[in-house]
Amino acid sequence: GQNIDQPTEMTATEGAIVQINCTYQTSGFNGLFWYQQHAGEAPTFLSYNVLDGLEEKGRFSSFLSRSKGYSYLLLKELQMKDSASYLCAVRSLALTGANNLFFGTGTRLTVIP
Amino acid sequence: DTGVSQDPRHKITKRGQNVTFRCDPISEHNRLYWYRQTLGQGPEFLTYFQNEAQLEKSRLLSDRFSAERPKGSFSTLEIQRTEQGDSAMYLCASSSTVDTQYFGPGTRLTVL
């Protein structure tokens, strides 16, 4: 089966750096995704890691350690518009090759002035 | 075509009625996924199509739910005899081969 854990809520200050952690247990691991979701909207893709290490994309970076079943999303120079839920999702290679995504419950980030 | 589209965006129905949702994926994407999301939770996988073939169905997909993708392009998700527990956001996503899944805006279903 699959299990994904991430904090329910976090608060950070505008201009600061925040790290959102995600731990997972899954069979057939085939990549870890981070999505951003504003209230009432669809998830939008942020980053993807399949190998260990850090992937940087502008103000957002994501790290993966497959041996530890651990990832984090790092947001730098926080802006008010970054207030959203951040979803950690693990891709699992099913027998059908479906590469289904299994999502955590999401971390609701509130950026304060 | 700039992204995945879904119709309708909102649906209110009475318990026991049937509802049907439509998803139009990104045109060159051959893989299509349906998810359900309730408040405060992450999306939960429902079913997956590769072209017109439905290759995976979650145990969450009871026999009241059926999905089709007749020509390998758009897909429909039908819920028969709706129950209040079916109230949720129904999300569609598409991808090419094993690439990133891109989500549509979702259909919010409210069952009264």
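Cross-link partners of A:LYS76 among lysines, defined as those whose alpha carbon lies under 27 angstrom from its own and excluding same-chain residues fewer than eight positions apart: A:LYS57, A:LYS68.
Quick one: compute the contact order of the stretch B:1-56, relative version, from alpha carbon pairs under 8 angstrom and 6+ residues apart, as a percent.
26
Ordered by 1.4 Å accessible area with all protein chains kept, B:ILE12, A:ILE20 run largest first as B:ILE12, A:ILE20. Taking every protein chain into account, the accessible area of the stretch B:35-112 amounts to 46 square angstrom per residue (probe 1.4 Å). The packing ranking of peptides B:36-46, A:8-18, highest mean first, is B:36-46, A:8-18, where packing means the average number of other beta carbon atoms within 10 angstrom of each residue.
Looking at the stretch B:43-112, the trypsin sites (Lys or Arg not before Pro) that sit in a DSSP loop and have at most 15 other Cβ atoms within 10 Å of their own Cβ are B:ARG59, B:ARG64, B:LYS71, B:ARG81.
Buried surface between chains A and B: roughly 1600 Å² of accessible area, summed over both sides, computed with a 1.4 Å probe on protein heavy atoms only. In this simple spin-label model, placing a label point 7 Å from the Cα along the Cα-to-Cβ direction at both A:THR23 and B:SER27 gives a separation of 4.7 nm.
For the stretch A:59-113, the solvent-accessible area works out to 40 Å² per residue, with a probe of 1.4 Å and every protein chain left in place.
Cα centroids of the stretch A:48-113 and the stretch B:29-106: 22 Å apart.
Ordering A:SER67, B:SER73 by how much accessible area each has at a 1.4 Å probe, largest first, what is the list?
A:SER67, B:SER73
Give the carbon-plus-sulfur fraction of the accessible surface of the stretch B:50-112 in %, rounded to a whole number; probe 1.4 Å, heavy atoms of protein chains only. Whole-percent figure for carbon plus sulfur exposure: 45.
The values are calculated or read from the model by the stated rules, or taken from the named source; none is laboratory data. Quick caveat: nothing in here was measured; it's all calculated off a predicted structure. Positions of Cβ are generated from backbone atoms using ideal geometry, with glycine treated the same way; all protein chains shown enter the neighbour counts. The accessibility values were calculated without ligands, DNA or RNA, using every heavy atom of the protein model including side chains. Shrake-Rupley method; radii C 1.70, N 1.55, O 1.52, S 1.80 Å.
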